[in-house]
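The values are calculated or read from the model by the stated rules, or taken from the named source; none is laboratory data. Please read all numbers here as calculations on a predicted model, not as lab measurements. Quick reminder, even Gly has a Cβ in these numbers, built from the backbone with ideal geometry, and neighbours come from all protein chains shown. Note: accessible area is taken over every heavy atom of the protein model, side chains too, but ligands, DNA and RNA are not part of it. Shrake-Rupley method; radii C 1.70, N 1.55, O 1.52, S 1.80 Å.
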Amino acid sequence: MRHHKTIALLCSVSLLAGSALTYLAESTKATVYAADMLEFHIAANGEYTVTGCDKSAEIIEIPSSVNGVPVTAISMRAFEECTSLKSIAIPDSIKTIGERAFENCTSLASVILPSGLKRIEFSLFEDCTSLTSVSIPDTVTYIGECAFYNCTELSDVKVPETVVEIREMAFCNCKKMSQITIPKLVEEIGESAFTGCDGLSAVDIQSENQEFAELFNDNPNIEELTYVRPEVTYEIEKSLSPVNVPAVSSSVEIKSIDISSYTNNTSYNNGFGFGDGRDAIQEFRMQNGESCSVINLGRSAVAAFSDSHEIVSFDGKGWTFGGAGIDSDDCIYILWGRSFTDDDLEGITSISTLKLCKYSKNGTLLRSKEYPLSLTNAQFPFVSGNAAIGVRDGIVLAVFNSVWTKSENGLHHQGSEFIAANSDDLSVVSNNNWQGSHSFGISMIPVKDGFTLIQLGDAESARGINVGTYTISNGEVRDNLLNGKRLIYHASGQYGDNENFLDGNETFTHLGGIAYSSSTYAVAGKSEKLYTSEVHNISDVPDNIYNVFVRIIDGSLINSNFSEFAGTDRLDGNTGETADTNVIWLTECNSEIQAGAVKAVTLGDGSYCILWEQFVNGIFDSVHYVILDCFGNTIRPESIITNARLSDNSTQPIVNGYELRWAVTDAEDHSLTWYSVDLKSTEMLSFSHLGDVNLDNMIDSRDASAILHFYAEVSANQAATLTEEQLPAADINGDSFVDARDASLLLSYYAYSSAGNDISLAKFLSF
């Protein structure tokens with residue numbers, strides 16, 4: 001028995017001896033008399049506090065009073081290490097229970113806490129590995145740090161509606177807990193409060209703080225998650241008809257550009273530098289609102305600025321461009337790489353294959369740091385994929401694809417990894433060489449406290465799109481990617497053409513992009529509608545018909561079906577089971593109509609905009625888009641952006657409210673062209689009217705004459721004759737001006753079509 005101060009002995013011997021016989025006569029043989037096993041302390045208020053217990057006690061009943069004096073508290077560590085204790089009765093007279101009071105009571109099976117208790121203190125039941133149930137009274141407002149940590153058998157627990165705060169690791173590692181309700185009044189939940197609760201299958205969050213849902217995103221077994229989602233109002237009015245809008249464009253010549261970021265290859269590509277290529281363009285918004293486009297030129301790069309049209313060059317000095325990022329001071333970061341064959345590495349003990357450089361906006365090198373192969377394991381950086389770089393809170397985060405050095409079986413393997421570096425001196429904060437297997441593309445966006453990314457690769461013994469997050473706090477980076485195990489969309493296609501599935505890497509899914517709204521993510525791409533788990537190495541859609549899709553997933557990244565989300569189930573053709581839920585198909589492609597260059601962004605009101613290019617018989621036709629609310633319901637149906645193209649090998653468009661801006665490069669004329677479009681604009685343009693200025697359902701020289709007449713009137717400051725309906729039809733080149741250039745284009749089209757060429761004006765303008 002643990003001895004306390006003299007006053008404790010006085011209480012346990014002298015004060016209680018007089019009542020011993022009476023109490024024993026009223027007790028069952030299974031109940032041990034308190035005076036024999038408990039120690040008490042006289043508090044300053046004259047009431048009693050339980051301060052200790054005989055370690056051999058199995059069943060304890062704490063009296064509510066002794067000699068008429070109430071017992072009102074259990075002190076810190078009072079029953080700690082009482083490993084024989086199986087049951088304890090706590091009277092309602094107890095108002096406070098100190099920290100660690102029942103820690104490591106490994107035989108304690110159930111507890112009913114007193115009705116007047118207000119706080120469950122630090123580590124109160126930590127390591128009570130036999131505890132199956134605990135009754136928490138509705139007077140409790142606080143559940144402390146590690147309160148039920150490692151209560152591995154705890155399955156029956158209800159958090160009362162009075163609770164306001166749940167501290168860090170409060171229920172961590174409660175593996176048998178199957179469901180939990182977070183009451184409405186809860187204002188704070190600490191980090192890892194429910195980490196390791198592997199048995200959780202249902203979570204009901206009644207609090208309006210929807211961020212609490214993110215605390216459960218490391219639990220792959222949750223099948224049902226409900227919480228109060230914030231109401232979102234949208235400034236873009238819902239439309240039942242297409243809203244076709246014109247894009248405004250401007251170009252700059254860059255003689256060093258020898259690549260085109262647009263493509264007519266729609267049969268198969270990941271859109272993120274499959275093969276030896278990286279993203280052709282990576283775009284950023286500067287502090288003054290200007291757009292900066294960093295263009296990959298192989299062993300060099302250039303940055304082009306949309307407003308000033310200034311061009312800045314970056315020399316890789318023999319290193320290959322991987323990816324770029326920008327910080328809040330408009331400094332540009334570029335990750336460079338170089339590869340070495342196995343023969344090159346013979347006899348070399350120290351070599352660097354990655355280099356991170358920090359540049360000023362004008363291209364001045366501010367800092368450079370090389371990372372050794374022994375740290376990164378990246379023998380062939382950026383092979384079969386791209387690199388995504390984000391900068392915030394003093395951290396540069398680079399997630400990139402690579403082929404690693406030989407494994408134990410003598411083979412190389414391809415996948416993704418990350419490096420997190422200090423943005424000042426570029427020293428490594430943390431890194432991980434295994435972020436995903438067979439990763440062929442990465443798209444990353446900033447979110448609260450870090451970044452969220454998707455990548456196309458292997459996870460959970462299947463191939464598809466995986467999602468993960470990186471949290472940045474106090475200079476530390478936490479990787480929540482779970483090594484690629486959060487598969488959110490299954491990819492059909494060729495996984496290999498031999499019995500070991502090792503020789504093929506095609507997956508018939510195109511990684512588009514990811515966007516975040518108030519409580520959900522939209523993941524977009526193009527894919528075969530069919531999925532089968534039966535045969536990995538054969539595509540059952542030989543025509544390679546890929547449709548544009550959006551999958552709405554919960555902001556917690558918990559992969560389950562949410563009834564309030566739009567979309568349908570995508571079934572496994574082999575088993576009939578649901579492979580993917582809440583999938584929205586935006587196209588019905590066929591052998592004639594194809595889609596490509598899929599993008600996803602969040603507009604200023606929280607709505608999602610999904611963009612893609614449409615091709616007809618392999619020839620570019622037009623840029624299409626839809627606008628969805630944060631649950632995937634249609635706000636604006638499939639519409640067209642005229643006079644524009646999308647870059648197939650680029651990051652997402654830059655968003656400023658409702659204006660989108662992006663760039664494409666053209667190898668033929670060595671140019672970069674910026675496009676911008678205002679999706680909130682009330683100006684609507686119909687392809688059926690474009691060019692038909694006099695609205696006679698024909699496009700001919702009379703329409704060009706009407707444009708020239710209008711231009712002459714405006715130039716002479718005379719009253720213009722074209723109506724509001726005619727003006728959009730007359731702006732042929734989409735530059736928001738109607739002038740002789742529009743008439744010239746229209747006359748060229750009229751001459752071309754009159755020569756027997758059956759072609760639409762939109763297609764003619766795309767040439």
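Per-residue answers, yes or no, for (1) closer than 19 Å to Ile166 by Cβ; (2) among the polar types (S, T, N, Q):
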{"position": "Gly46", "(1), (2)": "no, no"}
{"position": "Val50", "(1), (2)": "no, no"}
{"position": "Thr83", "(1), (2)": "no, yes"}
{"position": "Lys95", "(1), (2)": "no, no"}
{"position": "Ile112", "(1), (2)": "no, no"}
{"position": "Ser123", "(1), (2)": "yes, yes"}
{"position": "Leu131", "(1), (2)": "yes, no"}
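Please tell me if Asn733 is more than 16 Å from Ala247 (Cβ to Cβ) and in a loop (DSSP other than H, G, I, E, B). Criteria not met by Asn733. Could you tell me whether segment 300-314 includes any residue that is under 20 Å from Phe440 (Cα atoms) and either open to solvent by less than 70 Å² (accessible area, probe 1.4 Å) or under 31 Å from the mean Cα position of the chain (by Cα) (or both)? Looking through segment 300-314, none of the residues is under 20 Å from Phe440 (Cα atoms) and either open to solvent by less than 70 Å² (accessible area, probe 1.4 Å) or under 31 Å from the mean Cα position of the chain (by Cα) (or both). Reported count of residues in segment 615-643, each being in a loop (DSSP other than H, G, I, E, B) and open to solvent by less than 10 Å² (accessible area, probe 1.4 Å), is 2. When each of Thr353, Thr341 is tested for being β-branched (Val, Ile, Thr), part of a loop (DSSP other than H, G, I, E, B) and free of Cβ contacts under 8 Å to residues at least 60 places away in the same chain, the lone residue that passes is Thr341. The set of residues in segment 695-743 being at pLDDT 85 or above, of a type in the set (Phe, Trp, Tyr) and open to solvent by 50 Å² or more (accessible area, probe 1.4 Å) consists of Tyr711 alone. In the set (1) open to solvent by less than 50 Å² (accessible area, probe 1.4 Å); (2) hydrophobic (A, V, I, L, M, F, W, C); (3) modelled with pLDDT of 95 or more, Met169 fails one condition alone, (1). Scanning segment 156-167 for residues that are farther than 17 Å from Thr195 by Cβ and either without any contact (Cβ under 8 Å) to a residue 12 or more places away in the chain or part of a loop (DSSP other than H, G, I, E, B) (or both) yields Lys158, Pro160, Glu161, Thr162, Val163, Val164.
Scanning segment 341-372 for residues that are among the β-branched types (Val, Ile, Thr) and in contact with a Leu (Cβ under 6 Å, 6 or more places away or on another chain), we see that the one that is most open to solvent (accessible area, probe 1.4 Å) is Ile351.
Report whether or not Asp540 is open to solvent by 20 Å² or more (accessible area, probe 1.4 Å), at pLDDT 90 or above and either farther than 24 Å from Ala398 by Cα or assigned to a loop (DSSP other than H, G, I, E, B) (or both). No: the conditions fail for Asp540.
List the strands (runs of 3 or more DSSP E) that sit entirely inside segment 194-304 and contain at least 2 residues that are at pLDDT 90 or above and under 30 Å from Ser402 (Cβ atoms). In segment 194-304, 281-285, 291-296 are the strands (runs of 3 or more DSSP E) which contain 2 or more residues that are at pLDDT 90 or above and under 30 Å from Ser402 (Cβ atoms).
Residues checked against (1) within 22 Å of Asp218 (Cα to Cα); (2) at pLDDT below 90; (3) out of contact with any strand residue (DSSP E or B) (no Cβ under 9 Å at 6 or more places or on another chain):
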| residue | (1), (2), (3) |
| --- | --- |
| Asp393 | no, no, no |
| Phe400 | no, no, no |
| Ala421 | no, no, no |
| Ser427 | no, no, no |
| Asn432 | yes, yes, no |
| Ser437 | yes, yes, no |
| Ile445 | yes, no, no |
| Gly450 | yes, no, no |
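State which residue pairs qualify: first residue at positive phi and inside segment 631-653, second residue open to solvent by less than 30 Å² (accessible area, probe 1.4 Å) and outside any strand (DSSP E or B) in any location, beta carbons under 8 Å apart, and separation of 6 or more residues or different chains. Once the first residue is at positive phi and sits in segment 631-653, its partners that are open to solvent by less than 30 Å² (accessible area, probe 1.4 Å) and outside any strand (DSSP E or B) give Gly632/Phe565; Gly632/Ala566; Asn643/Ala247; Asn643/Gly734.
Under the condition of being under 17 Å from Ala193 (Cα atoms), out of contact with any Phe, Trp or Tyr (no Cβ under 6 Å at 6 or more places or on another chain) and not hydrophobic (A, V, I, L, M, F, W, C), the residues counted in segment 95-148 number 5. Test Arg570 against the stated conditions and say whether it is farther than 30 Å from Lys680 by Cβ and surrounded by 18 or more Cβ atoms within 10 Å (Cβ to Cβ). When the stated conditions are applied, Arg570 passes them.
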